[in-house]
1. Be a star and scan region A:249-268 for residues whose amide nitrogen sits under 17 Å from the point 7 Å along the Cα-to-Cβ vector of A:Gln399.
2. Which FRET efficiency value, to the nearest 0.05, is calculated for A:Gln166 and B:Glu149 with the Förster distance at 60 angstrom and r the Cβ-Cβ distance?
3. In nanometres, what is the gap between the two model label sites at B:Leu40 and B:Ala282, each 7 Å from Cα along Cα-to-Cβ?
4. Between region A:170-244 and region A:273-291, what's the alpha-carbon centroid distance in Å?
5. Can you figure out the FRET efficiency of B:Ala96 with B:Glu198, using R₀ = 22 Å and their beta-carbon distance, to the nearest 0.05?
6. Between B:Thr57 and B:Leu136, what length comes free when the chain is fully extended (0.36 nm per residue of separation minus the Cα-Cα distance, one decimal in nm)?
7. Within 11 Å, Cβ to Cβ, of A:Pro363, how many net charges do the neighbouring residues add up to if Lys/Arg are +1 and Asp/Glu are -1?
8. Under the Karplus relation 6.51 cos²θ - 1.76 cosθ + 1.60, θ = phi - 60°, what is the ordered set of whole-Hz ³J(HN,Hα) values for region B:278-289, x standing for Gly and Pro?
Amino acid sequence: MRHVNKTIAGLAVLSLVLAACGDDDDDDAATTATTEAPATEAPGTTAAAATTAAPATEAPETVPAEVTEAPGTTAAGGGGDLDALYQACLDNGAQVNLIALPDEWANYKGILESFREKYPGVENPVQNPNASSQEELDAIVNLSGQPDMPDAIDVSPAKAQEAIAQGFFEPYVTSVDAEIPDNLKDPDGHWVAAYYGIIAIGTNTTIVPNAPQTFADLRKPEYEGVVALNGDPRTSGSAFAGVMAASIANGGSPDDIMPGIEFFAELKEIGNLIPTSVDQATVISGETPIAIDWSYNWPGLRGQIEDAGYTVEIHFPSDGVYGGYYSQGVVADSPHPDCAKLWIEHIVSNEGALGYLEGGAMPARFAALEEAGAIDEASLAELPPADLLSQVSFLTDEQVAAATAVLEENWGPMVADA
Amino acid sequence: MTVTDIATTIDGDRAASAVPVARRPALRPWAGLLPFGAFLFLFLLLPTYGIVEKAFTGDGSPETFFQTFQDERKAFVGSVKVSLVTAALGVVFGTAIAYAAATATRPRWLRSVVSAFSGVAANMGGVVLAFLFFTLLGRQGLGTKIVREGLGYDLYKTDWFDITSFWGWVTVYMYFQIPLMVLITLPAVDGLRPAWREASANLGGTTWTYWRRVGLPVLAPSMLGGFLLMFANAFSAYATVYALNNQANVVPVKISFGLSGDVGVRSSTPYALATWMIIVIALAMGGYLLLRKRAERWHAS
């Protein structure tokens with residue numbers, strides 16, 4: 001995303017190919033990110049950089065031991081197995097190569113930090129934090145056999161299916177498997193979904209004083225030129241979710257995304273929809289005053305918008321409840337398989353779960369944590385209302401594929417190029 | 001040793017060395033080209049081959065290759081449109097600025113400032129540039145606000161301006177296109193000798209005659225070269241336009257849809273598009289070479 005498009009200057013002909021292959025540009029960005037990542041390997045740097053923020057992760061420290069030992073824990077593992085895994089990780093590289101985990105996404109910053117606190121001596125550099133799911137799969141292929149090959153990935157469900165088909169995952173059943181609902185894990189253990197969220201509408205109320213609460217509100221003339229989706233739904237998972245949620249709000253269903261496409265076609269027609277992506281820069285500059293994005297991206301973004309001197313209001317549209325998760329799994333034949341498993345254990349552990357909660361994401365083991373009394377009122381502050389979360393049902397792979405096909409065919413003529 | 005002796009010695013040396021000297025020229029020029037050849041192979045031919053190969057393997061075939069062009073005709077039209085418009089505007093403004101900078105004598109630093117700035121701006125692009133324009137001319141941009149509150153004219157209530165629309169991209173592209181043109185034409189403008197203009201005036205020529213019969217013909221090859229270079233530059237721009245408008249219907253954005261993303265399944269489509277893009281730009285460059293040859297031949301006579 002962040003590369004410079006101007007390699008051209010002298011060698012015109014060379015530029016053609018560089019440019020013709022947009023991928024090369026991306027690789028440039030990836031390389032830059034990669035070269036930055038190892039810098040964090042220096043033990044001191046990582047800790048120093050991370051401790052500057054998110055001190056709240058210290059709170060959950062006290063809870064985990066008792067809950068991991070709770071009767072619900074699977075026979076597959078208890079605390080002892082984790083200790084053995086930790087030791088194996090220390091003996092085999094003491095590093096887990098991560099990719100595509102932005103700091104502000106679902107509080108990954110805090111979760112990465114709590115991992116380093118819990119497992120001292122294990123580094124967890126994140127390559128190319130803003131990579132897309134496809135770029136994660138590309139990294140597995142391109143870096144295969146190299147020491148910086150990703151050890152664990154966090155990809156969209158569609159790409160997780162592709163990864164299974166290509167044999168990219170090493171099946172791994174976590175020690176808390178029994179507490180993870182069936183619809184949040186692969187039956188064969190290829191991946192788990194450690195967290196999920198719903199679609200939320202965030203509004204910069206300094207620019208737009210009267211924040212929309214539902215998808216229906218977005219049609220109001222007062223929102224002319226201020227409504228943004230996070231990307232193009234033909235390529236961005238969060239934009240896809242935004243369209244699906246809008247579809248549900250407008251008489252569609254998980255099997256029918258068309259009303260969502262029609263809804264955004266209408267928003268574009270009346271001039272409310274703008275084609276600017278939602279990211280740190282556009283949000284802080286106020287260029288996307290009303291943004292549709294995952295609920296768990298908002299706590300991170302909100303802080304940044306407020307730092308920029310604006311006020312923010314986040315609403316969870318009750319007319320379009322759509323839940324989505326990303327799939328996390330261990331990469332097959334990666335350089336640090338033990339550390340990768342340790343990382344997956346961490347994100348489904350109590351610390352990981354509470355970290356996600358802090359970022360406004362719903363952890364997969366929420367029920368287990370609640371039962372164990374590990375969740376206090378304060379950690380629910382960022383979470384969407386329970387009555388909306390309880391409506392969440394996830395799309396099947398077939399539904400995702402069908403909706404994608406409809407989008408591919410109709411988004412261009414009806415919305416993007418209309 | 002007599003003079004003739006020396007002469008024969010020299011001749012003898014010549015005769016002795018004649019054989020290797022005669023053979024060397026055949027290899028030497030090629031040896032000098034080796035690094036360039038290696039560079040060309042590694043960074044141009046190999047990647048091109050990789051792209052073309054992927055366009056025709058897997059689910060790719062000649063049929064899908066042509067079908068892809070059919071399907072994305074609009075993206076090619078969009079790319080060609082923005083490239084032609086920004087290249088044409090770049091030629092006009094870039095040449096004018098280069099001429100002004102080259103001929104202005106008063107602030108002596110003007111020329112060096114213009115060329116230094118051009119060197120920087122011509123290489124500026126991407127997300128950073130797009131963001132700068134957002135903060136200036138976006139809906140919440142400073143410039144937009146000044147115009148709205150100062151002059152009571154709301155840019156975004158008009159039909160023609162929106163930083164995310166076609167003329168918005170053109171505006172942003174001009175930021176690197178004009179400086180690129182300045183860099184290309186500055187040396188050529190320097191080649192226009194004042195004596196030619198004086199000669200034209202002495203023979204009764206007006207300013208118009210001078211430009212039509214002397215100035216423009218001399219500048220034509222570099223203006224043409226600049227035009228095609230800027231065409232290629234704009235055609236290949238990706239990050240800038242994507243940051244401005246993630247729905248932009250231009251070829252590089254369409255290629256990125258196929259290459260990255262969370263949703264679709266990868267196919268040969270992006271590679272087919274990239275191959276088409278190589279073809280378009282190769283045609284542009286071929287045309288450039290032909291035209292330039294013609295212009296230079298005319299210029300030489």
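Here, each number is a calculation from the coordinates, and none is a lab measurement. Small disclaimer: the values here were computed from a predicted structure and weren't measured. Cβ: placed from backbone, ideal geometry, glycine included. Neighbour counts: every protein chain shown.
1. Flagged as within label range: A:249-261.
2. According to the calculation, E is roughly 0.60.
3. It is 1.4 nm.
4. So the separation of the two Cα centres works out to 16 Å.
5. 0.50
6. Details: separation 79, 0.36 × 79 = 28.44 nm, distance 4.57 nm.
Difference between extended and current length: 23.9 nm.
7. On the way: positive: A:Arg365; negative: A:Glu179, A:Glu351, A:Glu358, A:Glu370.
Once positives and negatives cancel, what remains is -3.
8. Couplings: 4, 4, 4, 6, 5, 4, 4, 6, x, x, 4, 4 Hz.
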